[in-house]
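To keep things clear, I will list the structure first and then write my remarks on it.
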Amino acid sequence: MKSTEDNCERADRLYALMTEKGYPEDFARLVAREMCTEYTFRRMYGYLAACPRLPLDQVADELLGIQAERDRLRDKHMAQHAQETINRMYREKQGGPSRPAALLEGMTRGRSK
């Protein structure tokens, strides 16, 4: 499974960067395990690579910020998908753009009897 291999490779790269900078192994392992998607990995790796060794609390704050942003993006995409599904259901139920004409025709048929 390629995505699992990619996740492991990303975690290994982040772990290596953090231990090279002198972070405790347990902390580096925890951060690497949490930054498993391509997006979160790039954000954290870029943050750590661009800065000198930061205090643990700043790295932890960045970790939480990246996770919160990831969650907001996920929720936004889920809401968009749900709205698209609802819109599609309404369009299918209405029978397309000719729905008003069909309603009018049904109303006039009932009167002619």
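No lab work stands behind these numbers, since they all come straight from the coordinates. What you are looking at is a predicted structure, and each value in this text was computed from that prediction instead of being measured. Here the Cβ positions follow ideal geometry from the backbone for every residue, glycine too, while neighbour counts run over all protein chains shown.
Quick notes
- Counting charges near G46 (Lys, Arg +1; Asp, Glu -1) among other residues having Cβ under 13 Å from its Cβ returns a value of +2.
- A simple spin-label model places the labels of Q67 and A16 2.6 nm from each other, with each point 7 Å out along Cα-to-Cβ.
- Two-site FRET efficiency, D57 against Q83, from Cβ-Cβ distance with R₀ of 25 Å, rounded to 0.05: 0.05
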